[in-house]
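Engineer: Here it is, the structure in full.
The values are calculated or read from the model by the stated rules, or taken from the named source; none is laboratory data. Fair warning: this is a prediction, and the values are worked out from it, not measured in the lab. Note that we place each Cβ from the backbone using ideal geometry, even for glycine, and neighbour counts take in every protein chain shown. The area values use the complete protein model at the heavy-atom level, side chains included, leaving out ligands, DNA and RNA. Shrake-Rupley method; radii C 1.70, N 1.55, O 1.52, S 1.80 Å.
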Amino acid sequence: MTIKELAKTYEPKDVEARWYREWESKGYFHADADSAKKPYCIVIPPPNITGVLHMGHALNNTLQDILCRWKRMSGYNVLWMPGTDHAGIATQNVVERQLAAEGKDRFALGREAFIERVWKWKAESGGQIIGQLKRLGASCDWERERFTMDEGLSKAVRTVFVKLYEDGLIYRDNRLINWCPRCHTALSDIEVEHEEQKGNLWHLRYPVIGSDRHLVVATTRPETMLGDTAVAVNPADERYRDLVGGLVLLPLINRRIPIIADEYVDMEFGTGVVKITPAHDFNDFEVGKRHKLNVINIFNQSGEINSEGGQYEGLERYAARKRIVADMEAQGLLDKVQDHPLAVGGCYRCKTVVEPYLSLQWYVKVKTLAEPALAAVQGENPGTRIYPDQWRRNYIDWMENIQDWCISRQIWWGHRIPAWYCDSCGEITVATTDPDACSSCGGSAIRQDPDVLDTWFSSALWPFSTMGWPDRTPELATFFPTSCLVTGFDILFFWVARMMMMGLKFMGEVPIREVYIHALVRDASGQKMSKSKGNVIDPLIVIDTFGTDAFRFTLAAFAAQGRDIKLAEERIAGYRNFANKIWNAARFAQMNLEGFDPEQAVFGELVLAEGDRWILHRLNETTRETNRALSEYRYNEAAMGLYQFTWSEFCDWYVELSKKDLYGDDPERKGTARYVLWFVLERLLRLLHPFMPFITEEIWQTLPGSKPSPSIMLAPYPTPRDDCAFPAAAANMERVMAVIGCIRNIRGEMEVPPSKEIAVILSCASNESLSLMKHNEGAILSLARVADLAIGWGLEQPEDASIQVAGDVQIFVPLRGIVNVEEEEKRLAKEIAKIEKDMDFLGKKLENPSFVERAPADVVEKEREKLAEFAGKRQILEESLEKIRKLK
């Protein structure tokens, strides 16, 4: 049988482009809503249409793709639902910058023309990340790709808004929100990025009316004093108890404000007196509500002082700060200034420092929605499991303390709030279709709210809106609830929790069965990647340099639960070497499988050698462990198990073991070796495919024999086979490999050239070992490069021999003429020192009455046996050292 010859070297770029086109064009990623197979569904965390592939995306989507390819090969009907998010603020900023470059702005353009401009930008430039995800190998069902502003999802958003409003769960209120003075919109907490900065703590003196005393308040934002409506002390603070109920005169503004007592005040911070500015501090807002204080907003939408600021009206906030501090100092009311570090919140898009700002906004009452979403992750059999468990605890803590959700944004790009205000009667009409008249008075003088909904509002519906809800579609019937979600911890609360709430509210069940939270990708020293630090690694450059498979495998190999990934290009280069190792092993197999037809052999009739049974057993165990690790989201364990098996056991051991039979004269042994080589490689490629899709497909297609499917991605994922379980044979072979390893160690330590064959004596302490070594004499001769091998029971060590011990076999290698005596002396001394250190540790452990009395008897006995074994090894090594010294 003639098979396609593999190139001498693996060139990823051509292979990756060719196979991805093949997979996509043949519809291999497409899920069938009518399939009888068990469904498995993942919805992609929708990337922003303004985004480009970064390390977080690369990790997140690699892990999803591994799961989807694994499940697809395991016989599931897999839907990986793709899509992008309209990213309201981010996208609007992109288009506004374009307009600014043309000397225009959105207000001059008008709302409708601006929205048209955004749609035009999306069609031309938006969503380039989709193409980049394809380069990563993402096997999404691109035929079903969705967008949060497409017609179907827009319908879902309106339906949800109206229903929540009708149920009394959406309301409008004047409350404090995060406000961006540059973007002129409210921001969610996740849209505020905090950065540690150097700041100041100004101590300001407020005169107490009716006395000559002052209360000194400490503030990091002196300009907000213009909006103070009280000063507060702790009710337990003896220093100020007599002043509670009195008044102070607010400097510069000369407004009388009360002195109140509230437990919120920390007596140990500053002077134990705080200014209360309900319109410009979230904590102060709550204090203000408790004490029914006035709420005075001193800023306009651009962060400038408004008419409430008296003589400071019109000043930008930081200019006002400077002037206020100078005026306080001039009046003798600036007590002191201290250095004080601050966590300053900035808009995640324009980086402008946000302001707590009193504004009329739309809110969702979330307490009612949160209760079932909280219960869904609790108990012995929760509806949704969160991995690792630490994030379940964080989710619970956040949900127990959840606050109402501000869902309105003062921008133009997004889902416009479906609420109309009547100028005649003042009532609000909320409807799924645009009304012509007020639902209360019937008047036609109605106008739609200009705000749009928070992007997270539409994303919260993603698991069911992408499948056609509110219509009852085949996709919903088959794939909802979704099986798994892979996401970062930073959106556990802002996205995952909200999906849980909306899914339970509108679908009556959890939207996701399992949530896997992955960690961050950091640089090699553990620092968070950022452009300002210059430590960003571009995934696309990495792919071009090392290949997609090497990059994906690196991410999986380091994706340990709860531990950030420290990524260095050297590590990716190491896994490129791994890809090359696989390629070279495949080329070796190909050269030895010319004319081979696996269908002519019957597996159960093969006469297997010890090495054959060993590699089949190890393949079986690796298969078992890989499936287990993936089912538990232990990507690193799955990847490293496959790496160890591929590199060490298959390539370094079995390929070498097979050469004797492949190149020998025994046709039966040659046939068996060829079959086992093909069998192991073929299954290994399938095991590796979810991690390394391109190289495995390229090699798999060249293997002899008929294929169970046109692509490896549709072939069955291996599972353990009873007829491949050979535990006893595997244990025996590993004893032989240990002996070979010891001989190789001596060769390496003594720097014996690989081409130089040596003499070896194996002294066995049991008939079992003697039989085993003699049975595997050929493997020892070839794999250890031995010319003269003596195997016997209780053989004596030659005077000039180095020694190592493997179980109950002593390995003697005569050194005269092949070794540097001084180096061997150093090696033996080092080995003896190491053993003595281990013996000292074990000795102290066994001398400890607490350990001996409390530990199980079998554990204590094992430790004693270990100590005796160490003592025996030390004696052998000391004798060897004495003999080597005689060679001097």
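Engineer: Of everything in the range 340-387, what is under 25 Å from R175 (Cβ atoms) and small (G, A, S)? Give them in sequence order.
Structural biologist: Residues satisfying the conditions are A343, G345, G346, S359, A370, A373.
Engineer: Give all pairs with beta carbons closer than 7 Å in which a residue from the range 169-181 that is among the aliphatic types (A, V, I, L, M) meets a residue that is assigned to a loop (DSSP other than H, G, I, E, B); count only pairs at least 6 apart in sequence or on separate chains.
Structural biologist: These pairs meet every condition: L169/K365.
Engineer: Looking for whichever is in contact with a helix residue (DSSP H, G or I) (Cβ under 8 Å, 6 or more places away or on another chain), crowded, with 22+ Cβ neighbours inside 10 Å and in a loop (DSSP other than H, G, I, E, B) here; the options are A58, A31. Which one fits?
Structural biologist: A31
Engineer: Six or more apart or on different chains, Cβ under 6 Å: which pairs go from a residue in the range 822-846 that's within 11 Å of L877 (Cα to Cα) to one that's part of a helix (DSSP H, G or I) and among the aromatic types (F, W, Y)? Could you list them?
Structural biologist: Once the first residue is within 11 Å of L877 (Cα to Cα) and sits in the range 822-846, its partners that are part of a helix (DSSP H, G or I) and among the aromatic types (F, W, Y) give I835/F870.
Engineer: Something else now. Is it the case that some residue within the range 723-746 is within 30 Å of the chain's Cα centre (by Cα) and either in a helix (DSSP H, G or I) or buried (at least 24 other Cβ atoms within 10 Å of the Cβ) (or both)?
Structural biologist: no
Engineer: E514: part of a strand (DSSP E or B), at pLDDT 90 or above and closer than 23 Å to P45 by Cα, yes or no?
Structural biologist: Yes; evaluated as a whole, the condition is true for this residue.
Engineer: Ok, one more. Of everything in the range 235-259, what is open to solvent by 20 Å² or more (accessible area, probe 1.4 Å) and in a strand (DSSP E or B)? Give them in sequence order.
Structural biologist: Once the filter is applied, which keeps residues that are open to solvent by 20 Å² or more (accessible area, probe 1.4 Å) and in a strand (DSSP E or B), the range 235-259 yields L247, L249, R255, R256, P258.
Engineer: Is it the case, given these coordinates, that R69 is over 20 Å from L153 (Cα atoms), part of a helix (DSSP H, G or I) and open to solvent by 20 Å² or more (accessible area, probe 1.4 Å)?
Structural biologist: Criteria not met by R69.
Engineer: I've got another one for you. From Y395, Y348, grab the single residue that is within 25 Å of the chain's Cα centre (by Cα), under 26 Å from L630 (Cα atoms) and surrounded by 15 or more Cβ atoms within 10 Å (Cβ to Cβ).
Structural biologist: Only one candidate qualifies: Y395.
Engineer: Kindly indicate whether L681 is part of a helix (DSSP H, G or I), over 20 Å from H775 (Cα atoms) and touching a Leu at 6+ places or on another chain (Cβ under 9 Å).
Structural biologist: yes
Engineer: Turning to a different aspect of this structure: Report yes if I89 is in a helix (DSSP H, G or I) and more than 30 Å from P704 (Cβ to Cβ), otherwise no.
Structural biologist: Yes, satisfied.
Engineer: Follow-up. Mind telling me which of the residues L226, L247 ends up being under 22 Å from V354 (Cβ atoms), hydrophobic (A, V, I, L, M, F, W, C) and modelled with pLDDT of 95 or more?
Structural biologist: One residue alone meets the criteria, L226.
Engineer: Can you say whether T487 is open to solvent by less than 40 Å² (accessible area, probe 1.4 Å), of a type in the set (V, I, T) and closer than 17 Å to N60 by Cβ, as far as the supplied structure shows?
Structural biologist: yes
Engineer: In addition: Hey, can you tell me all the residues within the range 753-805 that are open to solvent by 20 Å² or more (accessible area, probe 1.4 Å), part of a loop (DSSP other than H, G, I, E, B) and among the hydrophobic types (A, V, I, L, M, F, W, C)?
Structural biologist: Residues satisfying the conditions are A765, L795.
Engineer: Just name the residue that is farthest from A638 (Cα to Cα) out of those in the range 709-722 that are surrounded by fewer than 15 Cβ atoms within 10 Å (Cβ to Cβ) and hydroxyl-bearing (S, T, Y).
Structural biologist: The qualifying residue farthest from A638 (Cα to Cα) is S709.
Engineer: Here is a follow-up. Would the range 693-707 turn up any residue that is closer than 26 Å to E599 by Cβ, open to solvent by 20 Å² or more (accessible area, probe 1.4 Å) and modelled with pLDDT under 95?
Structural biologist: yes
Engineer: For the subset of the range 192-217 comprising residues that are touching a Ser or Thr at 6+ places or on another chain (Cβ under 9 Å) and in contact (Cβ under 8 Å) with a residue 60 or more places away in the chain, which member is farthest from P356 (Cα to Cα)?
Structural biologist: V216
Engineer: Out of (1) more than 30 Å from V244 (Cα to Cα); (2) surrounded by fewer than 15 Cβ atoms within 10 Å (Cβ to Cβ), what's the single condition that is false for G310?
Structural biologist: Single failed check for G310: (1).
Engineer: Look through the range 553-595, keep the residues that are more than 16 Å from A524 (Cβ to Cβ) and not in a helix (DSSP H, G or I), and return whichever of them is nearest to the chain's Cα centre (by Cα).
Structural biologist: Out of the qualifying residues, it is A559.
Engineer: Could you tell me whether any residue of the range 366-385 is closer than 28 Å to I42 by Cα, under 25 Å from the mean Cα position of the chain (by Cα), open to solvent by 20 Å² or more (accessible area, probe 1.4 Å) and among the acidic types (D, E)?
Structural biologist: no
Engineer: Mind listing whichever residues of the range 439-450 are at pLDDT below 95 and under 51 Å from the mean Cα position of the chain (by Cα)?
Structural biologist: The answer is S439, S440.
Engineer: State whether one or more residues within the range 536-549 are part of a loop (DSSP other than H, G, I, E, B), touching an Asp or Glu at 6+ places or on another chain (Cβ under 9 Å) and closer than 19 Å to E698 by Cβ.
Structural biologist: For the range 536-549, residues part of a loop (DSSP other than H, G, I, E, B), touching an Asp or Glu at 6+ places or on another chain (Cβ under 9 Å) and closer than 19 Å to E698 by Cβ: present.
Engineer: Out of I572, I582, I537, I541, I need the residue that is touching a residue at least 40 places away in the same chain (Cβ under 8 Å), under 16 Å from L136 (Cβ atoms) and among the β-branched types (V, I, T). Which one?
Structural biologist: I537
Engineer: Right, here's the next one. Test of understanding: among R239, R256, which residue is touching a residue at least 24 places away in the same chain (Cβ under 8 Å), charged (D, E, K, R) and under 20 Å from L334 (Cα atoms)?
Structural biologist: R256
Engineer: Considering every residue within the range 275-296, establish whether at least one is crowded, with 18+ Cβ neighbours inside 10 Å, farther than 25 Å from S188 by Cβ, in contact with a Lys or Arg (Cβ under 8 Å, 6 or more places away or on another chain) and not aliphatic (A, V, I, L, M).
Structural biologist: Taking every residue of the range 275-296 in turn, none turns out to be crowded, with 18+ Cβ neighbours inside 10 Å, farther than 25 Å from S188 by Cβ, in contact with a Lys or Arg (Cβ under 8 Å, 6 or more places away or on another chain) and not aliphatic (A, V, I, L, M).
Engineer: Can you pull out the residues in the range 809-846 that are touching a strand residue (DSSP E or B) at 6+ places or on another chain (Cβ under 7 Å) and more than 12 Å from M750 (Cβ to Cβ)?
Structural biologist: Matches in the range 809-846: V809, Q810, I811, F812.
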